[in-house]
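Written out below as C-alpha cells is the structure these notes cover.
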Amino acid sequence: MLREATVLAIVGGRYRLYDAGETFEASLRGRIKQTSDKRVLVGDRVSVEMQDEGVGTIEEIQPRRSLLKRRTPGKRRGVRSVVANIDQVVVVGAAADPSWDPHVTDRFLAVAEANHLPSLVVINKADLAQEVAPFAEPYEVAGYRVIVTSVPEYRGLEELRAMLEDQVSLFSGPTGVGKSSILNALHPGLKLKTAEVSARSRTGRHTTVAAEMHPFGDAGFVVDTPGLRDIGLWALGPLEVVQSFPEFERFAGQCRFDNCRHLAEPGCAVMAASKQGDFSETRLRSYRRLLEEAIAAGQP
Ligand code: GDP
Ligand code: ZN
C-alpha cells in the first residue's frame, strides 16, 4: 500500500513520518539513496510503501514548494539544503529582556528573503515594554505583518495562531525571546525542549537532529529546532543582501546605476527615499552592515 506522508525528523538514518494524525517510521529505499541527487529532507512530502508492521519504505520524494538553504560563511560551495516545504518564517524578537535589536530582526528577515520565504515579525514580551509601536513601524512600512504578543497576558496569541494554521512555519529568533513559551502556550502538547535535541540512534551513538517538525493544529507544522533558530547568523552573498529588503525595490529601479548597491553611489534613489522618510533608516543601516559583511567575507 502506498501512502503519502511528511518527514518530521531524520534520526540515525531512520525517518520519522507523519500522516493524518499518525506518526510512524520508515527507511529509505536503496535505489533513491543512490540514484537521486536530492537527499530526503525534513519537511519533504514522500510516498511510502507500507509493510505490515506499520513500518514503511520511502519510495519517492514529491516536488518541493520551497527549500531553506544554509550558506556556510566563506565557502563558495558551502550551501546546504536544510528543510523542505517551509511556507513562512516567523521571526521572533522581544520588546525587552533581551532588549529589542532591529539589526538582529533585519538579519533574520534577510535570510528568509534570500530563501524566497515570506516572513512575519513577532514582538513578544510586550508586557515588559511601555510602547512597542516604534519597534513595529519599520516592518509595517516594509510590508511585513507584525504581531505583538505577550505570553503571560495571552496577548496576540490567537492572532498568531490564525497565521500558523495550515502552514509550515519555521520559528526563529535569538535565545530567550520566548519562542518555546509562545509555542507551548499555543499548543501545550508540543512540550518543546529548550536544549539541543539529540537522540540515541540504533547503533547507540548520539545523533543530533538537524531539524525537526511538529504537527500544529489540523494541517500545520512548526519547526523550532535549536540549530535552526539562529538563521539570522547564516551567511548571505552580496547579491542576496541587495535583494532582501523588499521596501527598497520600489526605488532601486530609479537609481542612476543599474547595479547600484545603495552604499555611496551618486544618484541613488534608495538613499534619497530613506532621507525622505519613505522607509526606516534603521533598515538601510542594517542593509549596509549586512552588505559590507558579505563583501568582506568574500561571499560569491
Ligand atoms: P526561547 O529561547 O526563545 O525559546 O525563549 P523561552 O521560551 O525559553 O523564554 C525565555 C524566558 O522568557 C522564559 O523565562 C520565559 O518564561 C520568558 N518569557 C517568554 N515569553 C514571555 C512574555 O511574553 N513575557 C514575559 N514577561 N516573559 C516571557
Ligand atoms: Zn541605489
Cleavage-rule hits, GluC sites (Glu not before Pro), the stretch 90-179, DSSP coil, Cβ neighbours within 10 Å at most 11
E131, E153
Quick check on the chain: of the DSSP beta bridges with both residues there, what percent are antiparallel, nearest 5%?
60
With no other cysteine's Cβ closer than 4.7 Å, which Cys residues of the chain count as lacking a disulfide-compatible partner?
C268
Candidate cut points under chymotrypsin sites (Phe, Trp or Tyr not before Pro) in the stretch 231-292, DSSP loop plus at most 11 other Cβ atoms within 10 Å of their own Cβ, are F257
Summing +1 for each Lys or Arg and -1 for each Asp or Glu, what net charge is found among the other residues whose Cβ lies under 9 Å from the Cβ of S119?
0
Relative contact order, percent, the chain [alpha-carbon distance under 8 Å, six or more residues apart]
17
Hits among aspartates and glutamates - C-alpha to C-alpha of K69 under 12 Å, sequence gap 8 or more where chains match:
E113
Can you spot the aspartates and glutamates whose alpha carbon is less than 20 Å from K125's alpha carbon? Ignore those fewer than 8 places along the same chain.
D97, D101, D106, E137, E140, E153, E158, E159, D224, D230
What does the charge count near R155 come to, summing +1 for each Lys or Arg and -1 for each Asp or Glu among other residues with Cβ under 12 Å from its Cβ?
-3
Counting only protein heavy atoms and rolling a 1.4 Å probe, one gets per residue an accessible area for the chain in Å² of 49
For the stretch 1-131, projected area of the alpha-carbon convex hull averaged over all directions, nm²
11.2
Could you state how much accessible area K125 has, in square angstrom rounded to the nearest 10, with a 1.4 Å probe and all protein chains kept in place?
40
For a test of the definition: using alpha carbon positions, the gyration tensor, and the 1.5 limit on a/c, classify the stretch 65-195 as rounded, prolate or oblate.
prolate
In a Gaussian network model over the chain where Cα atoms closer than 10 Å are linked, find which of D258, D278, D218 has the largest mean-square fluctuation.
D258
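The values are calculated or read from the model by the stated rules, or taken from the named source; none is laboratory data. These figures come from a predicted structure and were not determined experimentally. Heads up, the Cβs are rebuilt from the backbone with ideal geometry, glycines too, and the neighbour counts pull from every protein chain shown. Side chains are part of the model used for accessible areas, which takes the heavy atoms of the whole protein and leaves out ligands, DNA and RNA. Shrake-Rupley method; radii C 1.70, N 1.55, O 1.52, S 1.80 Å.
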